[in-house]
Every structure is written in structure tokens, then in C-alpha cells.
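Okay, structure first, notes after.
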Amino acid sequence: MEGLSERAYAEHAGISRGAVQKARKTGRLVLFADGSINAAASDVRRKASTDPDQQMRAQGGLANSSGNDGPSVSGSGDSTSYLKARTALTVYQAQERQLSIQKKKGVLVDRARAETLVFRLVRQERDAWVTWPTRVAALMAAQLSADMEKASGKAVTIETAILQRVLETHVREQLDALADLRVGLE
């Protein structure tokens, strides 16, 4: 006998005897004329024709067919690119699950909705400040006139329209300065 028996090759390759029999049936093993297995040539052929995911499972590696360690990615390529792709997939799936949990908990909100609400709130604030001088100018003029009369003992009249214009000027300057602020929802 020139080569190895199925049992000996299974031990050599670290796989089950059933896997050796299946590889023999599918032509992934190189056989000698006497039917024994050429170990070196069979290792090369089996490695070239076996899915990297299956190789990992055979070696007790990362993937399994039940999906307990994540979905398997099959295809050709060297083992480092396979491991990098698998790692990237696992990281992506973990991030996706984390985002899903955060959405369910209400931690995350829809960006477009948040921007709309912030815009609406800022517009309401701006409108309240724009109308404020009109609402308070008469009260402020009366209060200032009374306070100045009490302090000086002479009758003092402050024109409501003038006070309103002064207040409007200063409020608009303040609003213009605030208009340069940008809300970043990044």
C-alpha cells in the first residue's frame, strides 16, 4: 500500500472518516493506483476545492452551520481576507442590533423629525421676541415715567413709540446675532 487508508487520512487531516469518504466520492482526493490516498496531493486539492467556511469548521474555527457564531460567508480568497470580511460582517451586525435596540428604547429619534421640531421651536421663539417690544413698550414707558417723576419730583413723559422703536432695534440686533448659530445634529 503506497498511501494512507481512509481512517489514517482522516486522522492526518483532522476530519471525520465520513468527510474523507465524501471527499473521495466528489473527487477531492488524489488516489494511488491501489486505491490508497496520496496525502500531500489530496491536502492541496481538498484545500483548493473546499469552502473556507467549511475549513474553519473542520479546524474548530469561527463559523458553524447553525449560525450560532453568525452567518457564514463563503467564497474563494485567502484566509486573512476571509477573516477580515467575517469580522467586518460581525461588527456591522452588532452595530445594527445596537441601533435597533436604541430605537426600541426611544433613545434614537428620526433626524428629519428632530430638525423639523427644532426649526419650529426656534421660529416660535423668534416670533415671540419680535412681538415683545410692541407688547411691553407702553408698560415700560409708563413705569419709567413714574420712576423718573418719583425720583426728580417733576412730571416726565416718555413716548411709547420712541421706546418701542429702540426696543425693536435692539431685539432685532440680538436676533440677527442668534441667526448665525447652526444646530448640528451629527
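The values are calculated or read from the model by the stated rules, or taken from the named source; none is laboratory data. Small disclaimer: the values here were computed from a predicted structure and weren't measured. FYI the Cβ positions are ideal-geometry reconstructions off the backbone, even for glycines, and counts take in every protein chain you see.
Hey, which of the helices (runs of 4 or more DSSP H) in the range 1-82, taking only ones fully inside, have at least 2 residues that are crowded, with 16+ Cβ neighbours inside 10 Å and at pLDDT 85 or above? Full working, then the answer.
On the way: elements: 6-13, 17-25, 39-49, 52-58.
Per the criteria, 6-13, 17-25, 39-49.
Yes or no: ALA85 in the same structural domain as VAL20 (by TED's automatic domain parsing), over 21 Å from GLU11 (Cα atoms) and at pLDDT 85 or above? Give the steps one after another, and end with the answer.
On the way: in the same structural domain as VAL20 (by TED's automatic domain parsing): no; over 21 Å from GLU11 (Cα atoms): yes; at pLDDT 85 or above: yes.
No.
Which condition number in (1) assigned to a helix (DSSP H, G or I); (2) surrounded by 11 or more Cβ atoms within 10 Å (Cβ to Cβ); (3) without any contact (Cβ under 8 Å) to a residue 24 or more places away in the chain is the one that ALA137 fails?
Here ALA137 clears every test but (3).
Taking GLN102 as meeting all but one of (1) out of contact with any Lys or Arg (no Cβ under 6 Å at 6 or more places or on another chain); (2) at pLDDT below 80, write down the number of the exception.
Of the numbered conditions (1) out of contact with any Lys or Arg (no Cβ under 6 Å at 6 or more places or on another chain); (2) at pLDDT below 80, the odd one out for GLN102 is (2).
Within the range 151-172, is even one residue closer than 21 Å to ARG123 by Cβ, in contact with a Phe, Trp or Tyr (Cβ under 9 Å, 6 or more places away or on another chain) and exposed (fewer than 13 other Cβ atoms within 10 Å of the Cβ)?
no
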